[in-house]
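Undergrad: Please see the structure below; I have some questions.
The values are calculated or read from the model by the stated rules, or taken from the named source; none is laboratory data. If you're wondering where the values come from, they're calculated on a predicted model, not measured in any experiment. Heads up, the Cβs are rebuilt from the backbone with ideal geometry, glycines too, and the neighbour counts pull from every protein chain shown.
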Amino acid sequence: MTSIGIAIGFYALAGLAIGSSLLVFLTRNLLHAVIFAILAFIGMAGLFVTLSADFLAVSQIMIYAGAISVLLVFAVMLTPYASRDNGNSLFAPAGVLVGLGFAALIGFIATQVAWPAFTGGDLEAQNFTGTVRTIGSALLGDYALPFELASVLLLAALVGAIALVREDER
Amino acid sequence: MRAALDPIRIRVPMSTGGMIASAITLVVLLGAAAGVGFLVLSGALDGRWYDFRDLGVGMAHLTEWLDEQNAGQSEATRALLGDHWMSWITSALIGGIGILSFVGGVLLILIWVERRLIARIQVRRGPNRLGPYGLLQPLADAIKLIQKEVLIPEGADRFLFFLPPILVFIPGLLVWGPVPWAPNMAYLDLNVGVLYLIAISSLATVAIFIAGWSSNNHYALLGAMRTVAMMISYEIPLGMALISVVLLAGSMQLSEIVAWQAQHYAWMAFLIPFSLFTFFFASTAELNRTPNDIAEAESEIVAGFHTEYSGMKFGLFYAVELGNAVAVAAFVTAFFLGGWSLFGLELFIPGYIIFATKVAAGYFVLVWLRGTLPRFRLDQLMAFAWKYLIPITIAHTTLVAAEVTAMGALALPGVIELGVVAAVNLAFTVWVMRRWARFLGYRPETERVMQPKLTTQVGGLQAAERMRASS
Amino acid sequence: MERGLPGVVTASTDEWVEVRPDRVVDAMRWLHDDAEMDAATISNMCGVDRYDHFEVVYHLQSLDLNQQIVVKVRIRNHEAPSMQSAYPVYSGALLQEREVYDLMGIRFEGHPDMRRMFLWEGYPGFPLRKDFLQIADHHPGLPHFPFETGEQER
Amino acid sequence: MTTAAEPYVLNIGPQHPSTHGVFRLRVVMDGERIQDIDMVVGYLHRSMEKLAEERTYTQNIPFTDRTDYLAAMSNNLGYCLAVERLAGVEVPERAQFLRVIFAELQRLASHSMANGTFINDAGAWQTPLMYMFREREKILDLFEMTCGARLTTNYMRIGGVSFDPPPEFYPAVEALIGELPERIAEYTELLVDNEILIARARGVGVLSAADAINGSITGPMLRASGVPWDLRKADPYCAYEKFDFEIPVGQNGDCYDRFMVRLEEMRQSVRIIRQALDGLPSGSHKTEIPLALRPAPGEAYARVEGPRGELGFYVVSDGGPAPARFHIRAPSLINLSLLRQMAVGASLPDAIVALGSTDIVVGEIDR
């Protein structure tokens, strides 16, 4: 059902995501950049919606637009002695290089990996009730070990962060 | 004399005309109810387009008819626009307009309701001058707010200062999408509805933070920091409370959660009262309502993040706050109070009316709390969230998961297994609540006597020490 | 009444004792610590402009013995009056002494926070002094009752 | 590694919901914690002490209304006592009793207001305040009935009171003190065991007995710190020695104790009013004094137990028709001496609650 609506939606959301990503590093004010980053996240979530990946879309909004953006804002606010704008930085050339490297890597992956398409036939005929069940059983079934490893890693990061900022008790 | 001193107690007796009018109204209402009952029992209503018990049914008939029209269009148009574009656009428009008008109308009325209720709680009268019973007061307030100058404080970040009232308004409207008004009457019946709600409600955090930060005002910044801290902390117990609901109902779709409750004649409030409490408490924290209104604690930080907003920008914040309060009442209704179901009465009474009544009841509780309780302190609330509420909700969720697993394994009759679940969870809730005060640092057994001691002897430090020693 | 601390008292009656402005802290500390006096708190303090000198009156109160001790300090210098502050003994003197300084212009040596209180820094003069705002032939105070001359006193 | 935040200055007031008037606190804060606090007053300074030097003794009574506008009767009373002591005026017994009745009614009104605003500062959105306004309203009605004014009563006179209460006053006051215990029980039910209030007010703004005494704290705050000191017992004026009442004494010296002490004092005031009404003697309500009152040169300090603490009036006469010096010992101001001790190190909400529990009236701070 690739109707024209989906196409319009895809291009609008892609434009939103790319445009706001561009604005993130073009704008001079760091907090403005955070706002545009949120917009980019929302654009990404919209792209997931056009792919019928509702769970991913909602998670994207919840985690990135809701939580990570607050983290970004706090990072901006808590950085002492930093002016709140995107001033000139010594790392600008390095940043450009790293960014280009990432772009090349992602482009390489996107073009070279043979993305396996869903070949199960008509979804509605198979009583497919959304991606939640599928993702959930995948995470807690086939991929339980990587999932748990990731959570242990995050826990370690959390404990490390607390240990770092903890004031001396004595 | 007493009456003159106590004007609030004066009651005006009802006039004869008023009595007759009420009697006639009562008779008409009873007759209408009897007619509806007859129609329902005879089955003349089920599934017809004029079945106003569920506007979704009529809507389905309409979309069907529109799809037929759509099929009659030319091949080129269908290839370009698809097979259902007319019905999609029409249903989207009707639903959107319906939700917008409901939210707008309810806001206008609820401002009045809240003020009157609070006034009643506070032995006052509340707005009673403009229009009948002061009903036009919210309208006048809105007109006043629109007329007022929108001030932008000096040193404010103009772009960021401009955005937040809009940014908080969008999620404030979007949360109304998945509300299940009646069995077939939900605008955006997502199968990830619960997650959608959490995601949308988390969007407002950044907007509020930006509002406080861009105002260039210490009060606003303090309020923003408090809000963000609260929202992030209380999202976790809120999500946990909803996970219990999802586990029991086996779906994240709001309409299915309500349908599950209707089907089992068991409201979640009976099955998992602790989740109801957690959800409600965390919601008051997210809504900045008493007892958790520290983000705009009037006596401390004036108005919190919207201190510097004036005119209709303030109006938008205010409207969103009220709208979110009603939305929370709606979700409490959907998740915990059985939504449109009322033990079979939903056959006779339109589901959306039952739903709206329950929403009004939930909202009344919010107003009641606001009129009664003092406010916690920020560190108390944060400690409560992180040290007590989150561990307890995790334990509770584990308990519910175990119960659901056991239910699946044993497959006992529904009444028995749900009864056992309800009893176990009620016991858990009561046990937790009885220790509630201790979580806040209040230990009745070690507290010294609270009443002041009485004496007739005056004295200074020595007398003070004598009195302390005597206790 | 004040035999415990020689050289401090300059005058005394049944009702009050007068102490030297540069020994106020000693006198207060003695009064505070002495078991018979037990002046636990300053209940009131106030400056009085007597045209040629200032008088600062402390009403000390013993709570346990329920007695009041009135201590007066006479400051002869009318132009730049100053005396010791009672703050080292009584923390309750903090705001009262600031008030006296603000309105009467008496400097308290040893007070931690000697700023104007009601009026702003740089306000000309001290309003409660009798010579504040001397207008031609107007004298402070009410010389006679309004009806005694038949005209409103201005 | 620590992240040090830079402290910033927050101006609470002059216009702020919980400063109860034009009163300003400059607070140096580190996050939500208070590092330093400094009060800026004087926005309401009317220089009454200077003005009083140009008015006759009787003309000065209205000034005393306007210092502590929530306890005008007590202020009238203190001033009249000072002038009576200065000029040696005897007051008839009926006037003494009437003074007691009105001073206690005023205490009830003022304590209602104090407790209401305290809870308001603790975050209850005006409901307790409105409840307590209800009682205060009735008391003000009684004032209006008697002397025509509600707030700035100007009722006491040198040598007595200005009017005998009208006949309808007595049933009204009977009805009021009949229902007041019930009302106070209602507040107790609503507030005293409220766990949120306990969590907010217990252990907040603690003053030890020694600190409070040394800091010249008086009134309910001193009593909450555990010192049984009440001028009505310690230095009885009017007819207080004839009445049977008790002094409530707190135990921890925190905000909650101050609230409880005020609540208990309201009960005791009802007791006193009941006794005063029962024993109200007949006779004149006023001693005639010469209009041209010229006390002999001298000085007098009279003090009453006002709702906020020791309310003293120091009047110096130089033999003229006006006082040579007229000083008001304002408890609102002096109770703030230890504000820094209560607030520094606490968080902002705690400081607001502590400020609310000191029960300041800005008219009295600034005078």
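Undergrad: Scanning segment D:247-271 for residues that are outside any helix (DSSP H, G or I) and surrounded by fewer than 24 Cβ atoms within 10 Å (Cβ to Cβ), which turns out farthest from the other protein chains (Cβ to nearest Cβ)?
TA: In this case the residue turns out to be D:D254.
Undergrad: So if I check each of C:D49, C:D14, which one is of a type in the set (D, E) and either in contact with an Asp or Glu (Cβ under 9 Å, 6 or more places away or on another chain) or closer than 21 Å to D:L311 by Cβ (or both)?
TA: C:D49
For every residue, the table says whether it meets (1) of a type in the set (D, E, K, R); (2) in contact (Cβ under 8 Å) with a residue 40 or more places away in the chain; (3) within 11 Å of another protein chain (Cβ to nearest Cβ).
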position	(1), (2), (3)
D:L105	no, yes, no
D:D121	yes, yes, yes
D:P128	no, yes, yes
D:I139	no, no, yes
D:F143	no, yes, no
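Undergrad: How many of the residues making up segment C:82-105 are farther than 24 Å from D:Y43 by Cβ and part of a loop (DSSP other than H, G, I, E, B)?
TA: So the count comes out to 7.
Undergrad: Quick one: D:R99 ticks every box in (1) more than 29 Å from B:G223 (Cα to Cα); (2) surrounded by 23 or more Cβ atoms within 10 Å (Cβ to Cβ); (3) within 21 Å of the chain's Cα centre (by Cα); (4) at pLDDT below 85 bar one, so which box is it?
TA: (4)
Undergrad: On the given criteria, is D:G123 outside any helix (DSSP H, G or I), small (G, A, S) and out of contact with any strand residue (DSSP E or B) (no Cβ under 7 Å at 6 or more places or on another chain)?
TA: yes
Undergrad: While we're on this one: Being more than 8 Å from chain D (Cβ to nearest Cβ), within 21 Å of D:G312 (Cβ to Cβ), within 16 Å of the chain's Cα centre (by Cα) and crowded, with 19+ Cβ neighbours inside 10 Å is the requirement here; does C:Y58 meet it?
TA: Answer is yes for this residue.
Undergrad: Here is a follow-up. Of everything in segment D:331-344, what is facing chain C (nearest Cβ under 9 Å) and either within 19 Å of the chain's Cα centre (by Cα) or under 15 Å from C:M104 (Cβ atoms) (or both)? Give them in sequence order.
TA: Once the filter is applied, which keeps residues that are facing chain C (nearest Cβ under 9 Å) and either within 19 Å of the chain's Cα centre (by Cα) or under 15 Å from C:M104 (Cβ atoms) (or both), segment D:331-344 yields D:L333, D:I334, D:L336, D:S337, D:L338.
Undergrad: Same structure again: Any residue at all in segment B:142-162 that's under 17 Å from the mean Cα position of the chain (by Cα) and more than 12 Å from chain A (Cβ to nearest Cβ)?
TA: Scanning segment B:142-162, I find no residue that is under 17 Å from the mean Cα position of the chain (by Cα) and more than 12 Å from chain A (Cβ to nearest Cβ), so the answer is no.
Undergrad: Output yes when any residue across segment B:290-311 is assigned to a helix (DSSP H, G or I), at pLDDT 80 or above and aliphatic (A, V, I, L, M), and no when none is.
TA: So far as segment B:290-311 goes, no, none of its residues is assigned to a helix (DSSP H, G or I), at pLDDT 80 or above and aliphatic (A, V, I, L, M).
Undergrad: Suppose we keep only residues that are of a type outside the set (K, R) and under 12 Å from D:C80 (Cβ atoms) within segment D:283-300. Which one would you say is modelled with the highest pLDDT?
TA: This residue is D:A300.
Undergrad: Let me ask you something else. Tell me, which strands (runs of 3 or more DSSP E) lie completely within segment D:1-57 with 1 or more residues that are within 14 Å of chain C (Cβ to nearest Cβ)?
TA: Strands (runs of 3 or more DSSP E) meeting the threshold: D:24-30, D:33-40.
Undergrad: Same structure again: Report, ordered by the first and then the second residue, all pairs with beta carbons closer than 7 Å, sequence separation of six or more or different chains, a first member in segment B:324-338 that is in the same structural domain as B:G177 (by TED's automatic domain parsing), and a second member that is of a type in the set (K, R).
TA: Short answer, once both residue conditions are applied: B:A325/B:R289; B:T333/B:K358; B:L337/B:K358.
Undergrad: Could you list, in sequence order, all residues of segment D:176-218 that are crowded, with 21+ Cβ neighbours inside 10 Å, in contact (Cβ under 8 Å) with a residue 60 or more places away in the chain and either outside any helix (DSSP H, G or I) or among the small types (G, A, S) (or both)?
TA: D:A201, D:V204, D:G205, D:L207, D:A212, D:G215, D:S216, D:I217, D:T218
Undergrad: Which of the helices (runs of 4 or more DSSP H) found entirely inside segment B:13-123 contain at least 1 residues meeting this: of a type in the set (S, T, N, Q), surrounded by 18 or more Cβ atoms within 10 Å (Cβ to Cβ) and not assigned by TED's automatic domain parsing to the domain that holds B:E346?
TA: B:55-71, B:85-121
Undergrad: With the checklist (1) within 11 Å of another protein chain (Cβ to nearest Cβ); (2) modelled with pLDDT under 75 in hand, flag the one item C:R115 doesn't pass.
TA: Against the list (1) within 11 Å of another protein chain (Cβ to nearest Cβ); (2) modelled with pLDDT under 75, C:R115 comes up short only on (2).
Undergrad: Quick one: in segment C:106-128, of everything that is touching a Lys or Arg at 6+ places or on another chain (Cβ under 9 Å) and closer than 19 Å to D:E49 by Cα, which residue is surrounded by the fewest Cβ atoms within 10 Å (Cβ to Cβ)?
TA: C:Y123
Undergrad: Shifting gears a bit: Could you please let me know if B:A207 is assigned to a helix (DSSP H, G or I) and free of Cβ contacts under 8 Å to residues at least 60 places away in the same chain?
TA: Yes, satisfied.
Undergrad: Using the structure shown, decide if B:F314 is surrounded by fewer than 23 Cβ atoms within 10 Å (Cβ to Cβ) and in a helix (DSSP H, G or I).
TA: Yes, satisfied.
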